[in-house]
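Every number here is computed from the coordinates shown, using simple stated rules; none is lab data. Keep in mind that what you see is a predicted model, and the values were worked out from it rather than measured. Counting neighbours? That spans all protein chains shown, and the Cβs are built from the backbone with ideal geometry, glycine included.
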Amino acid sequence: MAKENIGPKRLVVGAHYGLFDFLAQRITALVMAVYTVVLLVLFFTATEFSYQGWAGLFANQWFKLITFATVLSLLYHAWVGMRNIWMDYIKPMAVRLTLHALTVLWLVACAAYAAQILWRV
Amino acid sequence: MSEAVSRSRPKYGVMRIVDVMHYRLPLPAYVSILHRVSGALMFFALPFILYLFEQSVTSEYSFEYFRGFVSHWFMKLVILVLAWGFFHHFFAGFRHMQMDVHVGLDLPTARKTSAAVFVVSLLLTALVALKLFGAF
């Protein structure tokens, strides 16, 4: 690969990052799975099924932080997954690169939106 | 190798959609492709999910608006599809990690676990459907 990967033939899109993204996808998945279980337990053991009970949960700073850490995990997880999808089905490099950029923008914007929602509760 | 031979050789590699349609896929393949479909679905629905979350959590007014909004049958249907996506992705992902540690790699077990993914995720989806459309 090394010799062909120079100049105009240089690879600019693809999953050439080795083990890191593979592991990151698994670790972020575990973070989200644990968060799901925590959220479900808190939800179903709640004594107050109302706005107060629901919003009260997200009013705690520690829960905001855990939630936001999960949102960031989702961001990276979705990035790896969507990049895999674009790489498999979109062959023209310019189109693929554009989609990659849009995917990053979409996810970063979603994370910012999530932060705004969380710290307004 | 001569020109003629290489030209008459059938081309393998990337299949077109019409080629894929003729394939009878094994069960684990359906789990796999639906893992991808459900992931993409949730990716595109992310702002919508965050919007629902925002309405549910911001204030008592927005909470009431949220309750009204999600009581529409079409919204219930959208939420049901997203719930299915989540369940399928969750359990198919669990199966992935189980295979990462080399458990259930043989064909009979892989078939069984892929069937389990469908059974569990569809049962949970059915439970959500019953809850959404007021069976309990």
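What percent do you get for the relative contact order of chain A when only Cα pairs under 8 Å and 6+ apart count? Spell out each step's value before the answer.
On the way: 61 pairs, mean separation 39.6, N = 121.
Result for chain A is 33 percent.
If I take every Cα pair under 8 Å that is 6 or more residues apart in chain B, average their sequence separation and divide by the length, what percent do I get for the relative contact order? Don't skip to the end; give the middle numbers.
Details: 77 pairs, mean separation 39.8, N = 136.
Computed over chain B, the figure is 29 percent.
Counting pairs of alpha carbon atoms under 8 Å apart in space and at least six apart in sequence, what relative contact order in percent does segment B:85-135 give?
Numbers: 20 pairs, mean separation 24.4, N = 51.
After rounding, I find 48 percent.
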At 20 angstrom or more along the helix axis (alpha-carbon based) and mean Kyte-Doolittle of 1.0 or higher, what helices does chain A contain? Whole DSSP H runs only. A:19-44, A:93-118
Any aspartates and glutamates with Cα under 14 Å of the A:Lys64 Cα? List them, leaving off those in the same chain fewer than 8 positions away. B:Glu54
The percentage of Cα-Cα pairs in segment B:11-136 separated by more than 25 Å is 42 percent
Using the charge dipole of chain B (Lys, Arg: +1 at Cβ; Asp, Glu: -1 at Cβ; taken about the Cα centre), state which of B:Leu50, B:Ala40, B:Thr109 has its Cα farthest towards the positive end. B:Thr109
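Sum -39500 (n - 2.57) across every DSSP H segment of at least 4 residues in chain B, then divide by the residue count to get the 222 nm mean residue ellipticity, nearest 500. Don't skip to the end; give the middle numbers.
Values: 6 runs with 106 residues, N = 136.
About -26500 deg cm²/dmol.
What net charge is computed for the residues neighbouring A:Tyr51, neighbours being all others with C-beta under 11 Å from the C-beta of A:Tyr51, Lys and Arg scored +1, Asp and Glu -1? Can you show the working numbers first?
Numbers: positive: B:Arg67; negative: A:Glu48, B:Glu60, B:Glu64.
Local charge sum for A:Tyr51: -2.
What does the helix-only formula give at 222 nm for chain A: each DSSP H stretch with n ≥ 4 adding -39500 (n - 2.57), the total divided by the residues, and the result rounded to the nearest 500 deg cm²/dmol?
On the way: 4 runs with 90 residues, N = 121.
That calculation yields -26000 deg cm²/dmol at 222 nm.
Under a Cβ-Cβ cut-off of 15 Å, what is the net charge of the residues other than B:Trp84 that fall near it, where Lys and Arg count +1 and Asp and Glu count -1? Before the final figure, lay out each step's value.
Details: positive: B:Arg36, B:Lys76, B:Lys131; negative: none.
Computed value for this residue: +3.
List the trypsin sites (Lys or Arg not before Pro) in segment A:61-121 that DSSP assigns to loop (not H, G, I, E or B) and whose Cβ has at most 15 other Cβ atoms within 10 Å. Which are they? Can you show the working numbers first?
Values: sites: A:Lys64, A:Arg83, A:Arg96, A:Arg120; in loops: A:Arg120.
Passing sites in segment A:61-121 are A:Arg120.
So what's the net charge close to B:His96: Lys and Arg +1, Asp and Glu -1, counting the other residues with Cβ under 13 Å from its Cβ?
On the way: positive: A:Arg26, B:Arg36, B:Arg95; negative: B:Asp100.
Here the count lands on +2.
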